[in-house]
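Before any comments, here is the structure.
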Amino acid sequence: MNILLTGFEPFDKDAINPSWEAVRALDGARVEDATVHARRISCVFGAALHELDAAIDELRPQLVIGVGQAGGRSEITPERVAINIDDGRICDNAGCQPIDEPVVAGAPVGYFSSLPIKAIVRDLRAAGIPAAVSNSAGTFVCNHLFFGLMHRIATRPVQGMRGGFIHIPYLPEQAARLPGMPSMSLDAVVAALRIAVATSMNLREDVRETGGRLH
Ligand code: PCA
């Protein structure tokens, strides 16, 4: 059995992206009788989805977790929902900045993650790692990849494949250049992703626990 973890290349003039640093540390790892494969995805609208599709076709994974940097967040945040919109606040790495365009024309407004997001948050907190459900993956390339993944599962599934997306904080070395920003060590993020994979492999049904917010 294969598990696909994707991380992104650096973007917005940064030299590193913690999502790639974390997933590549797990490349080749065995978790719950499956092998983890890490792939680096371009931070480019459109190209990101072609790269994801190619990796899914190659690996036929049981589980796909996209991982991306959410600078300014202090917790590991499994995303609840992908929305069918591209609205770039900044340009992607190819210089494109779509505004209010669908990720996939004619596709549904949104898709829910098929990961047990509440159980992942519970298990991360139990392991001493700050975590929370996020109700928005934004409208940049991470949401774009997440939506493309869930649309692929809805329309051209690999048998038994589930998927979702997790945003992670800056690394301490990034926050050191951005005083006041929260960060999380690479070791903690790697441990968190390992837990997220194991929980996802072990649980098909999520637990009933609040992960909501007032606003
Ligand atoms: N974070 C960006 C894109 C790539 C990444 O790691 C985002 O949240 O959309």
Task: Residue in the range 121-136 that is surrounded by the most Cβ atoms within 10 Å (Cβ to Cβ), counting only those that are of a type outside the set (A, V, I, L, M, F, W, C) and assigned to a helix (DSSP H, G or I) - done: Asp123
Open item on the list: Being modelled with pLDDT of 95 or more and within 16 Å of the ligand (Cβ to nearest atom) narrows it down to one residue among Ile168, Ile117, Ile129; which is it?
Closed with: Ile168
Open item on the list: Need pairs with beta-carbon distance below 6 Å; first residue more than 10 Å from the ligand (Cβ to nearest atom) and within the range 68-79, second among the polar types (S, T, N, Q); sequence gap 6+ or separate chains.
Closed with: Thr77/Ser134
Task: Every residue from the range 1-60 that is on the phi > 0 side of the Ramachandran plot and small (Gly, Ala, Ser) - done: Gly28, Gly46
Task: Hits in the range 25-50 - residues which are over 14 Å from the mean Cα position of the chain (by Cα) and either without any contact (Cβ under 8 Å) to a residue 24 or more places away in the chain or within 14 Å of the ligand (Cβ to nearest atom) (or both) - done: Asp27, Gly28, Arg30, Val44, Phe45, Gly46, Ala47, His50
- [ ] Assess whether Ala55 counts as being away from the ligand (no atom under 13 Å from the Cβ), without any contact (Cβ under 8 Å) to a residue 60 or more places away in the chain and either closer than 20 Å to Asp14 by Cβ or aromatic (Phe, Trp, Tyr) (or both).
- [x] no
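In the range 137-215, which helices (runs of 4 or more DSSP H) lie fully inside it and hold 3 or more residues that are among the hydrophobic types (A, V, I, L, M, F, W, C) and crowded, with 18+ Cβ neighbours inside 10 Å?
Values: elements: 141-155, 172-175, 186-202.
Fully inside the range 137-215 and qualifying: 141-155, 186-202.
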Task: Tabulated pairs, the range 141-153, first touching a residue at least 12 places away in the same chain (Cβ under 8 Å), second among the acidic types (Asp, Glu) and in a helix (DSSP H, G or I), C-beta under 7 angstrom, 6+ apart or interchain - done: Arg152/Asp53
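The values are calculated or read from the model by the stated rules, or taken from the named source; none is laboratory data. Keep in mind that this is a model prediction, so the values were computed, not measured. We place every Cβ from the backbone using ideal geometry, glycine too, and count neighbours over all the protein chains shown.
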